[in-house]
Every structure is written in C-alpha cells, then in structure tokens.
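A quick write-up on the structure given underneath.
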Amino acid sequence: MTENHAIVQAGDDGREEEDYALNHELVERILKAADEGEADRLKALMAPLHAADIADLLEQVSPAERREILLLWGSEMDGDVLSELDDSIREEVISTLPKHILAEAVRELDSDDVVDLIEDLEEPQQEAILGVLDDSDRAAVEQSLAYPEYSAGRLMQREVVSAPEYWTVGETIDFLRRDQELPDQFYHVILVDPGHHPVGYVTLGKLLSSRRDLTLKSITEDSFRTISATQPEADVAYAFNQYHLISAPVVDDHDRLVGVITIDDAMTVLDEEHEEDMLRLAGVNDESHVSDGPVTTARQRLPWLVINLFTASLSAVVISQFEHTISSLVALAALMPIVASTGGIAGTQSLAVAVRALAARDLNASNARRVVRRELLAGVLNGLGLALILGIAGTVIFGDPKLGVVLGMAMIVNQIVAALGGVLVPLTLDRMGLDPALASGTFVTTLTDVMGFFAFLGLATLVLL
C-alpha cells in the first residue's frame, strides 16, 4: 500500500475497492444480500465500511431496502452511524431499532453527539434515547438541551479535560494516565483557577514534549479564548475559522467552565451554513434531501415557485405596456429574452459573491461603499462589452443600426441594474435582520427582468417609432 493510493479491504470477489467511495457494485451486492435474507453475508460486506459510508448507504436506498438492511444488520449499529445520518431519515432509523441496540449505540457517543442526535427528533424519540442513558449522561445531555437552539451550549461536549494551573507537566500526565473516563478525542488540557474559571490551555503536543517539572501555566498557548454558552453557533464557527482554533472552552454566565467545543463540531456548522446558503439561493428548503419522497419535495419547493409566479407577472405587466411597440417591430419579441437573461446571469453572479461575503463577514458597513462602487464599475464595463457585441450583431442580422444601438444601450442599463441589485438587495435584507440567502435571488431576478424589458422596450419606443 502506497501513500498516494490507499486501498480498502478487498471484496469477496478479489476486487479491491478504492478509498473514499461507496462503490456502486458494493451497494448492489449489499442490497442483494439483504433481499435474499443473508445476514452473515450482509454483515461481512458492511463490516469494513466507515460509519459515514454506512450512513450514505442508508440515505441512498429506498425506505423498503433500508428496512431490510436494518432488520438483518441492525444489531451492528454504531453510534457514529446515527450521528452521520441525515436528519431526514434519522428518526425513521431510530424508530426501527430495538431498544437494547439503540442503547448500546448511544452509550458510545460523547454528550455533544447525543445532543446533535436528538435535538431535532420528536419527543417520543427523544425520550427513547434519553431513557437508555446512564443518569449522569442523561443529566449532561438535558443540561445542554436547556441552552437555546443553535447556541454554543448545544454544540459543546460536557466531557472536559481540565487541571489546576499550578500543576506540573508530570502531575498532569500521571493524572491523565489514571483517568478512566477521558473523552475519545481532545486537544487541550484546560487550566482552571480555584473558582473553576478557565484561564488558559495547553496542547497535548506541548504537554508531552515539555519537562516534567515545568508548571502548566508556563507552557500555555497564546490562542486561548473562551466562548459563552449562549453564543450563536454561527459565531462560534466563525471564531474557529478566523483564529485557527482547534478547541475552545465554553463558559456559563458566571465564566465557569461548563464544556468544550472542538474543531470537528465547528467545521460541521460551517459546512451546514454553506449548504444552507446554497440551497436557499436556489429557492430550495434547507431541509431538502435526496432521500425525500416526491410529495415532500414538491411541498418544499411549491411556495417559492408560487412566489416566483407572482414576481414574474410583474414582467408581464411591463411587456403589456409596450404592446404597440412589439406589434410594430416583431424582431423585438425575439431580442427581449437576450437582455433579460443576460442581466439575470450577471445579477446571480454579483449576488453569489455578496451573500458569501456576508456569511464570511467580509462584507460589512466599513467596506460596503467600496464593494458597491466596484460592482457598479464592473457592471458598466460588462455592459459596454456586451453592448458592442450585440450592437454589431443586431445591425448585421436585422440591417438596422438603430436597433443595434437600442439593444446595446438596454444591455448597459441592465448590466448596471444587475450588478447593483446583486449586492444592494442582500445588503438591505441583512440590515433588516433577514437572511439574504433566502429571498435575494427572487428579488434580483425580478429586478433584472423588469428593468431589462422596460429599458429595451422603452428605448425601442423612443428611438425606433
């Protein structure tokens, strides 16, 4: 095995499966084994798979196939698989598993993973999971659930490795070796004062490479910062990304240590934020998933399609005002979509950049004017370039220089409108406290369509008639 080409365990037919992939042939063999009721064969095929790959498998198959797999393989269910599952099918999988199997799977998880697992479930499923936890674990999870949704308190894990700041490296290492309940993963030993307030932290690498007689206080990291348990998780993810944190202690209202957030949880939030913005820009519910049924999918998308239907009617109203112009120059009907669609594309480009910059906090009050000026200049330059091309094309194809001029001027106007709308609309929605990714696309598209048709037909009325 080489570093550049890692290979997973070979299949029964001697064929080696490439890493990082849920191979189609393997999925077919798993489904066949499940359909034929061959439990041992199914377990052997799924044993080498990573928890994330098993979650992908359960998400990709049909509900009937999923039930067949869980019936035969469910006793092997791992808590990590439940954590990796998409919310859209997690509840279904949990309700299918026998209580003792669910208990065994959940007990393996850290408190933050259990909170993530149950916070979006219905109350009966929540009680089913809480009921299988030990009293101390249940109390920790319930305390985390008491914090606001999408807050650091929900994101943190209660299992914390802490030590007094006056301890030596040797004392700390000896303590860690004796402790039987260390978290599966941790990156820092958090230093606390007598009031249990975090005052610094030491990386495990620094701890292991330092002399035993050194105090922990003498080898702390400069990157130390605390996070309030009520801080929104989006702010937490931003802090991790901005300051290159790998973990951070979480404190309550009295600055006492109550948990820790690690980089894997923060990056999960970032991924979810990016995915949510992408879906909302497309006018799709951020809970949509490929495993959803056709009725659910249609119900999620229909509201935005209805809204778009009403906004599109504004374009129809504008066009109807120039009925005489269009009937006099039929060529205008063929050219109108060019102006509108090109403006729509330009608006979407500007919008995507603005929404992403707002999410990353790169676009704010201090640089908004500069960004707007940049977009305006870019719109003018793009408009001039497209106007030159379309003006020449319109003149050559239709033999009317005036038509080419009208087409070019309308393109300049709509490119400017698209560039400004793409940045001003999300900025305005953000100032109003609304999600710019949710509604910006509809407003910008409507704006470029209406202004594109109005500019083109209005100029045509003035110049050509």
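Going through (1) within 36 Å of the chain's Cα centre (by Cα); (2) within 30 Å of Asp134 (Cβ to Cβ); (3) open to solvent by less than 60 Å² (accessible area, probe 1.4 Å) one by one, Asp179 falls short only on (1). Collect the residues in the stretch 345-395 that are among the charged types (D, E, K, R) and outside any helix (DSSP H, G or I), keeping them in residue-number order. Those that are among the charged types (D, E, K, R) and outside any helix (DSSP H, G or I): Arg361, Asp362.
A single entry from Ala378, Ala410 fulfils the requirement of being at pLDDT 85 or above and within 16 Å of Leu464 (Cα to Cα): Ala410.
Kindly indicate whether any position in the stretch 355-373 is acidic (Asp, Glu) and in contact (Cβ under 8 Å) with a residue 24 or more places away in the chain. No, the conditions are met nowhere in the stretch 355-373. Report, by residue number, each residue of the stretch 423-452 that is of a type outside the set (A, V, I, L, M, F, W, C), touching a residue at least 40 places away in the same chain (Cβ under 8 Å) and either over 27 Å from Pro337 (Cβ atoms) or surrounded by fewer than 19 Cβ atoms within 10 Å (Cβ to Cβ) (or both). Asp430, Asp435, Pro436, Thr442, listed by residue number. Exactly one residue among Glu68, Glu17, Glu59 is modelled with pLDDT under 90 and under 25 Å from Ser95 (Cβ atoms), and that residue is Glu59.
Restricted to the stretch 396-416, and to residues there that are part of a helix (DSSP H, G or I) and open to solvent by 50 Å² or more (accessible area, probe 1.4 Å), the residue that is nearest to Ile345 (Cα to Cα) is Val413.
Candidates in the stretch 77-129 are the residues that are of a type in the set (A, V, I, L, M, F, W, C) and either touching a Gly at 6+ places or on another chain (Cβ under 7 Å) or in a loop (DSSP other than H, G, I, E, B) (or both); of these, the one that is farthest from Glu65 (Cα to Cα) is Leu109. Evaluating Val81 against the criteria (1) open to solvent by 10 Å² or more (accessible area, probe 1.4 Å); (2) at pLDDT 90 or above leaves one unmet condition, (1). Can you tell me which condition Leu207 does not meet? The list is (1) in a helix (DSSP H, G or I); (2) touching a residue at least 12 places away in the same chain (Cβ under 8 Å); (3) open to solvent by 50 Å² or more (accessible area, probe 1.4 Å), and all the others hold. Single failed check for Leu207: (3).
The values are calculated or read from the model by the stated rules, or taken from the named source; none is laboratory data. Please read all numbers here as calculations on a predicted model, not as lab measurements. Note: ideal-geometry Cβ built from the backbone for every residue, glycine included; neighbour counts use all protein chains shown. Each accessible area value is taken on the protein alone, full model and side chains, heavy atoms only, with ligands, DNA and RNA left out. Shrake-Rupley method; radii C 1.70, N 1.55, O 1.52, S 1.80 Å.
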